[in-house]
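Just below is one structure, and these are the notes that go with it.
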Amino acid sequence: MTARIGVVTFPGTLDDQDALRAVRLAGAEPVSLWHRDKDLKQVDAVVLAGGFSYGDYLRAGAISRFSPVMETVIDQARSGMPVLGICNGFQILTEAHLLPGAMLRNNHLHFICRDQKLRVENAETAWTADYEQGQEISVPLKNMDGRYVADERVLDELEAEGRVAFRYLDLNPNGSLRDIAGITNAAGNVVGLMPHPEHAVEPLIGTGGTDGLGFFTSILKKLVAA
């Protein structure tokens, strides 16, 4: 049976179609999920796509965190369902307390859009197993509120437990503490990052490479193996 991966659309989501395409290219069945619907349609994993849900009012992700679909996503994530949050999806995961820390306005106060080099720090999560630890990849980055922050205790815990999943290389584009581009929860089923792997899955778009496809092949292999 084909693995089913759902992609949630909120008002203001921009990259849901790109994420659905990435799921399809990896070989899984993409399933569209609507923010007002608690039913996850029997999917095996969920992607919270990028964009500006609810116009980023109050804080990026702060309103989306209370959408009906998130009640089920939070419950299922705590029970082990794999969840990937990309950009705005990462912001939603922090607002929902599925991942620690918070996302603030970029330190230079400008929107940034560029190809971004990353180093894979944890290749043992449900979403990163097709990479090698220390591998360098390039994927697009586009955000305004992309500066990851947390107190020193949380940062030290993330480092000690190997929960920093990705780190910015060559240039820290937004002032994220310790160059953190993405993190994982302790179980490894929930991953959030600011860069956009769904924009780097085929040569004709994004960076012109496929460095982001590994997120989607990783979860497919995990689900098939299970």
Checking Gln135 against (1) under 20 Å from Lys222 (Cβ atoms); (2) open to solvent by less than 10 Å² (accessible area, probe 1.4 Å), the condition it does not meet: (2)
Val31 being in contact with a helix residue (DSSP H, G or I) (Cβ under 9 Å, 6 or more places away or on another chain), within 26 Å of Met144 (Cβ to Cβ), open to solvent by less than 70 Å² (accessible area, probe 1.4 Å) and among the β-branched types (Val, Ile, Thr): no
Of all residues making up the range 19-57, the number that are in contact (Cβ under 8 Å) with a residue 24 or more places away in the chain and either within 17 Å of Thr210 (Cβ to Cβ) or of a type in the set (S, T, N, Q) (or both): 11
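A quick yes/no check of all residues on (1) in a strand (DSSP E or B); (2) under 28 Å from Asp151 (Cβ atoms):
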| residue | (1), (2) |
| --- | --- |
| Val8 | yes, no |
| Arg24 | no, no |
| Gly55 | no, no |
| Arg59 | no, yes |
Output for the range 90-117, where each listed residue is within 16 Å of Phe166 (Cβ to Cβ) and within 14 Å of the chain's Cα centre (by Cα): Phe90, Gln91, Leu93, Thr94, Leu99, Pro100, Met103
Residue check, Ser64 among the small types (Gly, Ala, Ser) and surrounded by fewer than 22 Cβ atoms within 10 Å (Cβ to Cβ): no
Tally of residues being open to solvent by 20 Å² or more (accessible area, probe 1.4 Å) and hydrophobic (A, V, I, L, M, F, W, C) across the range 180-190: 2
Whichever residue in the range 154-176 is open to solvent by less than 10 Å² (accessible area, probe 1.4 Å) and farther than 30 Å from Leu25 by Cβ and, among such residues, is nearest to the chain's Cα centre (by Cα): Leu158
Selected residue (only one of Thr94, Thr128 is assigned to a loop (DSSP other than H, G, I, E, B), surrounded by 14 or more Cβ atoms within 10 Å (Cβ to Cβ) and not hydrophobic (A, V, I, L, M, F, W, C)): Thr128
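For every residue, the table says whether it meets (1) surrounded by fewer than 18 Cβ atoms within 10 Å (Cβ to Cβ); (2) modelled with pLDDT of 95 or more.
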{"position": "Arg178", "(1), (2)": "yes, yes"}
{"position": "Gly192", "(1), (2)": "no, yes"}
{"position": "Pro197", "(1), (2)": "no, yes"}
{"position": "Phe215", "(1), (2)": "no, yes"}
{"position": "Val224", "(1), (2)": "yes, no"}
Among residues of the range 133-185, those that are touching a residue at least 40 places away in the same chain (Cβ under 8 Å), in a strand (DSSP E or B) and more than 22 Å from Ile92 (Cα to Cα), counted: 2
When residues of the range 77-89 are limited to those that are out of contact with any Leu (no Cβ under 6 Å at 6 or more places or on another chain) and in contact (Cβ under 8 Å) with a residue 24 or more places away in the chain, the one farthest from Lys142 (Cα to Cα): Gly80
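The values are calculated or read from the model by the stated rules, or taken from the named source; none is laboratory data. What you see is a predicted model; the values in this text were computed from it and never measured. Ideal geometry is used to build each Cβ from the backbone, glycine not excepted, and the neighbour counts take in all protein chains shown. Side chains are part of the model used for accessible areas, which takes the heavy atoms of the whole protein and leaves out ligands, DNA and RNA. Shrake-Rupley method; radii C 1.70, N 1.55, O 1.52, S 1.80 Å.
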